[in-house]
1. If only one of ARG75, ARG36 is at pLDDT below 75 and either aromatic (Phe, Trp, Tyr) or touching a helix residue (DSSP H, G or I) at 6+ places or on another chain (Cβ under 6 Å) (or both), which one is it?
2. Just to be sure I understand the filter: pairs with C-beta atoms under 9 Å, separated by 6 or more residues or on different chains, first member in segment 18-36 and within 19 Å of MET1 (Cβ to Cβ), second member modelled with pLDDT of 75 or more and small (Gly, Ala, Ser). Which pairs pass?
3. Do we have SER108 as farther than 15 Å from ARG206 by Cβ, of a type in the set (S, T, N, Q) and surrounded by fewer than 19 Cβ atoms within 10 Å (Cβ to Cβ) here?
4. Determine, yes or no, whether ARG27 is open to solvent by 80 Å² or more (accessible area, probe 1.4 Å), at pLDDT 70 or above and of a type outside the set (A, V, I, L, M, F, W, C).
5. Which residues, taken from segment 127-172, are among the small types (Gly, Ala, Ser) and open to solvent by 10 Å² or more (accessible area, probe 1.4 Å)?
6. In segment 100-136, what count of residues is obtained for those that are out of contact with any Phe, Trp or Tyr (no Cβ under 7 Å at 6 or more places or on another chain), small (Gly, Ala, Ser) and closer than 19 Å to ILE171 by Cβ?
Amino acid sequence: MTRQEFLDQVLSPLGRLTAEERENVRRELEEHVEDRMEALLEMGWDAGLAEERCLEAMGDPVEIGREMAGQYRGRGWLWIGRVAAALTVVMSIQALLGLGMLGTAWYSLEARISPQLDTKLDWVEAEEQLDLRLDMGNDVLRLFRVSVGKLDGRRVAEIAMCAYDRWPFGIVAHGWQNCIELRLSEKEARFGGGSGRGNYGAEYCRRYVSLEPEDRSITLTYTRFGETASLEVPIPEQEEAP
C-alpha cells in the first residue's frame, strides 16, 4: 500500500470535514510518517522499505479513520470543535502509535530473551531447546526449539522459530517465512506447512519436516534479495529409559 492510498483510506470516513480540515489531518499524518521514517533512514534503510514499515506500524487505515470520525459525530459543528480538530487528531494518532510501539517492543524483547510458542504435535517423542540465530538483513532469525513426534499420523520434526528486528522498536520484515527452505541431507523436506503468532515487533513460526529413521539433522536455508545463509539444526533423539 502506498502512502497516498493509506492517507485516502484514513480520510474516507471523515466526510464532514471541510477541505481545510481534511488538509490539516493529512498534513499531521504525513508528519507522523516522516518522523517514523527518519529514524529508519538514519539506520541505513531503503526509503521505500522504511515507508512501507512505517505505514504497517501505524495500523489499519480504515480503523484509524473510524476512530477519528468518532471524534466528530453530532448534528452540528461548534466553532470550538473546529479550532481543536487538529489537536484531537494528533492526540488520537499518538495514542494509537504509542500502544503499537509498546506492543512492538514487548514482542521484540520476548523473542530476544524467552521466546514462547506451544507445540502442535499430537505426541512428543523428544525435544531440545536451542539458541541458533541467523542474520536476515536488518532482522534476526532465531531457532529456539526442535521437537520430534507425531502429527497427523506422521513422524515429524517441528522447528519453532521467530524473527525480530535488530532495533527493539523496529518492525520485522513481512514474508520472511516464505524465504525459508528446509532440507534433510541432500533431499528437500517432504512436509512443509506451519503456523505461528506475532505482531510487527516479532513473528513466530512452526515448520515441519517428515523424518526417516536415518535422519540426524536438518539444514535451514534463508534466501532473499540475493542474500543466502544457512543453519544446521540437530534432530533430538529419544532418551533411553534408565
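The values are calculated or read from the model by the stated rules, or taken from the named source; none is laboratory data. All of these numbers come straight from a predicted model, not from anything done at the bench. All Cβ positions, glycine included, derive from the backbone under ideal geometry; neighbour counts span all protein chains shown. To get the accessible areas, we keep the full protein, side chains included, count just its heavy atoms, and leave off ligands, DNA and RNA. Shrake-Rupley method; radii C 1.70, N 1.55, O 1.52, S 1.80 Å.
1. Working: ARG75 fails: either aromatic (Phe, Trp, Tyr) or touching a helix residue (DSSP H, G or I) at 6+ places or on another chain (Cβ under 6 Å) (or both).
Being at pLDDT below 75 and either aromatic (Phe, Trp, Tyr) or touching a helix residue (DSSP H, G or I) at 6+ places or on another chain (Cβ under 6 Å) (or both) holds for just one of ARG75, ARG36, which is ARG36.
2. Close Cβ pairs (under 9 Å, with a partner that is modelled with pLDDT of 75 or more and small (Gly, Ala, Ser)) amount to ARG36/ALA50.
3. Details: farther than 15 Å from ARG206 by Cβ: yes; of a type in the set (S, T, N, Q): yes; surrounded by fewer than 19 Cβ atoms within 10 Å (Cβ to Cβ): no.
Criteria not met by SER108.
4. Yes; evaluated as a whole, the condition is true for this residue.
5. So in segment 127-172, the residues among the small types (Gly, Ala, Ser) come out as 137, 147, 149, 153, 157, 160, 163, 170.
Correct list: GLY137, GLY153.
6. Residues in segment 100-136 being out of contact with any Phe, Trp or Tyr (no Cβ under 7 Å at 6 or more places or on another chain), small (Gly, Ala, Ser) and closer than 19 Å to ILE171 by Cβ: 2 in total.
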